[in-house]
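Visitor: First, the structure itself, so that you have it in front of you.
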Amino acid sequence: MHKTTAYIEKNFKLANVDDKLFSSFIEHLGRAIYTGIYEPSHPESDDQGFRKDVIELVRELGITMVRYPGGNFLSGYNWTDGIGPRDQRPARLDLAWRTIETNEIGIDEFYDWCLKANTRVMAAVNMGTGTPQQAGYMVEYCNFPGGTWWSDLRIRNGHKEPYNIKTWCIGNEMDGPWQICHLDAADYGKKALETAKIMKWVDNSIELVVCGSSTSSMPTFPEWDRIVLEYTYDAVDYLSLHRYYENYGNDLDFLASFLDMDRFIKSVCATADYVKALKRSKKTMHLSFDEWNVWYQQRQKQHDWEIAPDILDDRYSLLDALVVGGLGVTLLNNSDRVKIACLAQLVNVIAPIITEKNGRVIRQSIYYPFRDISKYGRGTVLKPVVITPSVETCHGDAPLLHMSVVYNEENGYITVFCLNIDQSDDMLLELDMRSFGKLSMAEHVCLRGDDLNAVNTFDAPDTVSPKSMEIIGGEHEAFSVRIPKLSWNVLRFRTKG
Ligand code: AHR
């Protein structure tokens, strides 16, 4: 059996985790909205047509913020199509996904849904066909208390109190030629700056995310990020990055995707810090990893102007869940710079939750590692010294055990998240935690299985689900825990008192 030793010292702190690290994303795409969160004819729907069974699972995930309404959809979307009396809202062609958008759901309904799901809206404004002025009007509609055309319209539409949406994205993936009205970096940088000025003039309390690269393999990365930041550095609060991971056939390479994510984050930080130096700025740019996940099964389908067809309905396996766990660890370990991260997406579209039309809802395999980090990843990320064997992968040498430690001083719990990518043997994990004094082990939950390709289905929804492992009794300053090969683990320890 291989051995990993981790020295965990309570004063070696990386960062307090921003709760926005546990965010997600819902786009007007596929069955995310229609027959996902909203299905008025469903027996489980509430008075607004929202599915209560879906809301329940979203609440269980502890999602703090949901990016909305896109995605590629955003760059052709006129947000005013989605407000006012439903029977007067236009049905439109969505050129991004070749579907028909009925506009039954818009920002007003989505805001209500977020309240019900115990989460917040992360709004996005259109930088494709949209103008800086339309972006400003949307902030005014959502956040201005009243007494102006747009704020009074919100009140007439049924919401007396402003939404006070705090976090706003200025466009989506504007570096991508697939984007409706894609711009080059300088044109986007100028447009984003003017948009940011208007949005913050309307409401100075908001924070803004400017589009960085849509993936690290873009030929324009990292020049795009540098140029955009040179225009917008002083006006925005976050630079975005997106990345989806694919299985190209080698499981080990896929499992080590976290290495690639780490390198991407570090490169974006270096680019942002270059601009910081250039501008002699005191401000450090934070990152918004506002699309991340595993996505590789359903990219190629063509659609022909249907309403809410199945799009990107990936079915996730145990292997995919392990990869997601590894990515979650990397996000935690970069939480000094990554303050927002959105698992993309939330329901039916490359999602942890899937629904049947007029039927059941289930948790996909990736639901569990995300729920774990969201539930137990709140607190201070520590910087343990980890001595672990490594293995060669296409991303470089990967540690066999990839881990993160979060100390929650409020409740006195220390949580160790770890992914074991060892394909041949279990791992003995020795944890030296003497700086905390005596600790008791509270829990060891493990996601593993004999079949890496196993998936949850509507008829067998718990095929891939975590199991509680035996814990070590008594109080100790050090623990030796067996970590099964190819597994995702959550170990929790209680400080005395
Ligand atoms: O999440 C699916 C799509 O991936 C989004 O619409 C887009 O932003 C990204 O390319």
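Visitor: Among the lysines, which fall within straight-line cross-link reach of K160, defined as a Cα-Cα distance under 17 Å, with same-chain neighbours fewer than 8 residues apart omitted?
Guide: Correct list for K160: empty, as no lysines qualify.
Visitor: A follow-up question, please. What helices does the chain hold that run 24 Å or longer along their axis, going by alpha-carbon atoms, with a Kyte-Doolittle average of -0.5 or more, using DSSP H for the helix calls?
Guide: Membrane-span-like by this criterion, though nothing is claimed about a membrane: 185-202, 257-278.
Visitor: Suppose every K and R has +1 on its Cβ and every D and E has -1 on its Cβ; what is the size of the dipole of the chain about the Cα centre, in Debye to the nearest 20?
Guide: With only Lys, Arg, Asp and Glu charged at Cβ, the dipole is about 1340 debye.
Visitor: Explain nothing, just the number: relative contact order of the chain, from Cα pairs under 8 Å at least 6 residues apart, as a whole percent. Kindly include the intermediate steps, with their values, before the conclusion.
Guide: On the way: 1182 pairs, mean separation 99.7, N = 497.
This gives 20 percent for the chain.
Visitor: Show the residues, 5+ positions off or on another chain, whose built amide H is closer than 5 Å to the amide H of V338.
Guide: Amide H neighbours of V338: L287.
Visitor: To continue, here is another question. Taking only DSSP H segments of four or more residues, each worth -39500 (n - 2.57), what value at 222 nm results for the chain once the sum is divided by all its residues, to the nearest 500 deg cm²/dmol?
Guide: Details: 10 runs with 121 residues, N = 497.
Here the helix-only value at 222 nm equals -7500 deg cm²/dmol.
Visitor: Answer with one residue from L322, N247, V268: the one whose Cα lies farthest towards the positive end of the charge dipole of region 237-376, charges on Cβ with Lys, Arg +1 and Asp, Glu -1.
Guide: Looking along the dipole axis, the top candidate is V268.
Visitor: Moving on to the next point. Select from V125, Y233, I165 the residue farthest towards the positive end of the dipole of the chain; place +1 on Cβ of Lys and Arg, -1 on Cβ of Asp and Glu, and compute about the Cα centre.
Guide: Y233
Visitor: Moving on. Round to a whole angstrom and tell me the spacing of the C-alpha centers of region 79-110 and region 408-443.
Guide: 48
Visitor: If you take the charge dipole of region 18-376 about its Cα centre, with +1 on Lys and Arg Cβ and -1 on Asp and Glu Cβ, which of G71, I307, C342 is farthest toward its positive end?
Guide: So the residue we want is C342.
Visitor: Just to verify a number: FRET efficiency for K266 and I155, C-beta to C-beta distance, R0 = 35 Å, to 0.05? Could the numbers behind the result be given before it?
Guide: Numbers: r = 47 Å, r/R0 = 1.33.
Once rounded, the FRET efficiency stands at 0.15.
Visitor: Also, quick follow-up: Calculate the length of the line joining the C-alpha centroid of region 249-312 to that of region 12-46, in whole Å.
Guide: Here the two parts' Cα centres lie 18 Å apart.
Visitor: For a quick check: with amide H placed at 1.01 Å from N, whose amide H comes under 5 Å from R67's, ignoring anything fewer than 5 positions away on the same chain?
Guide: S24, F25, I26, M122
No value in this document is a laboratory result; all are computed from the given coordinates. Bear in mind that the values here come from a model prediction, so they are computed numbers and not experimental data. Note: ideal-geometry Cβ built from the backbone for every residue, glycine included; neighbour counts use all protein chains shown.
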